[in-house]
Amino acid sequence: MGMMNASQDLHAGSPGSAWATVTVVGCGPGASQYLTAAARQVVAAADVLAGSRRLLDLFPEHGGEQVAWSADVVSLLDQIERTRGAGRRVAVLVSGDPGLCSLARRVIERFGRHAVEVIPGISSVQVAFARLGLDWTHACIVSAHGRTPEIAPDELPRGGEIAVLAGSREALQWSAAAARSLESSHAAILCENLTLPDECVRPMTPDQLDAATVSPLSLVLLIRRNLIG
């Protein structure tokens, strides 16, 4: 099979230059200064913003319609369907990067990959490893946010770093079990509210993780002890 020519591009165009039916915008880990210029460009041109109240509040200057949602994803997608049918530009705001455990997957499943443009963002995983000055090329990323991971704690790889997307009591309990399983080789580090004024990055024992009450914006890193001393 030969290489594709310009007429066969899977998806072409700069952000907002040729609007797809829906544009998913990665809004970064929390603080407005971590928004990309591309994200701001798309939002500025959007007629409708859809997303959580926390993400909508990142764009107080936007004067168009806003569709706020909490946990009812089906209802949000139905609202987007009605809005896009009116021919308006819809930007769906997602936290972090759309390619990492994001609402973007549901949006693309609903409307089709060729009808959705995706604007990448900075993920909390990137920021967490940056705070420690560590490379995360081979990190294993596990989502325990709102669900129980398919992998068991004692089946986690021991040869590299692990990032667990947490934020709930159940996620912390799973993270604590993972930290116990890897305690001889890995240290657990809790990262909360990254990039925000109350950011906190601290080492935790498995028992401390079990007992902790944390922000919904949190993740747990399991880092090989030889890398952090």
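The values are calculated or read from the model by the stated rules, or taken from the named source; none is laboratory data. In this text the structure is predicted, and so the values were computed from the model without any measurement. Every residue, glycine as well, gets a Cβ built from its backbone with ideal geometry; the counts of neighbours run over all protein chains shown. Accessible surface areas use protein heavy atoms only, side chains included; no ligands, DNA or RNA. Shrake-Rupley method; radii C 1.70, N 1.55, O 1.52, S 1.80 Å.
Remarks
- Projecting the Cα atoms of Ala176, Leu194, Val92 onto the dipole axis of the chain, where Lys and Arg carry +1 and Asp and Glu carry -1 at the beta carbon, places Val92 farthest toward the positive end.
- Rolling a 1.4 Å probe across all protein chains gives Asp198 an accessible area of roughly 90 Å².
- Identified option (computed volume of the Cα convex hull per residue in Å³; candidates (1) 111; (2) 153; (3) 130): (2)
- Diffusion of the range 79-194 by Stokes-Einstein, at 25 °C in a medium of 0.890 mPa s and with Rh set to the Kirkwood radius over alpha-carbon pairs, works out to 151 µm²/s.
- Label-point gap, in nm, between Gln173 and Leu227 - each point 7 angstrom along Cα→Cβ: 2.9
- For the range 170-229, the extents of the C-alpha atoms along the principal axes are 33, 25, 12 Å, listed from largest to smallest.
- Rounded to the nearest Hz, the phi-derived 3J(HN,Hα) couplings of the range 94-99 under the Karplus curve 6.51 cos²θ - 1.76 cosθ + 1.60 (θ = phi - 60°) are 10, 6, x, 10, x, x, where x marks glycine and proline.
- With θ taken as phi - 60° and the Karplus curve 6.51 cos²θ - 1.76 cosθ + 1.60 applied, the whole-hertz 3J(HN,Hα) list for the range 102-114 is 10, 4, 3, 4, 5, 4, 5, 4, 6, 9, x, 4, 7 Hz, x standing for glycine and proline.
- Over the C-alpha atoms of the range 129-229, the Rg to Rh ratio, Rh being the Kirkwood estimate, stands at 0.92.
- Mean accessible surface per residue for the range 117-209, computed with a 1.4 Å probe while every protein chain stays in place, in Å²: 47
- Within a Gaussian network of the chain (alpha carbon springs, distance under 10 Å), most fluctuating of Gln173, Gln66, Gln33: Gln33
- Residue among Ser75, Ser143, Ser168 with the largest mean-square fluctuation in a Gaussian network model of the chain, springs linking Cα atoms under 10 Å: Ser75
- Charge dipole (Cα centre; +1 on Lys/Arg Cβ, -1 on Asp/Glu Cβ; no other charges) of the chain amounts to roughly 240 debye.
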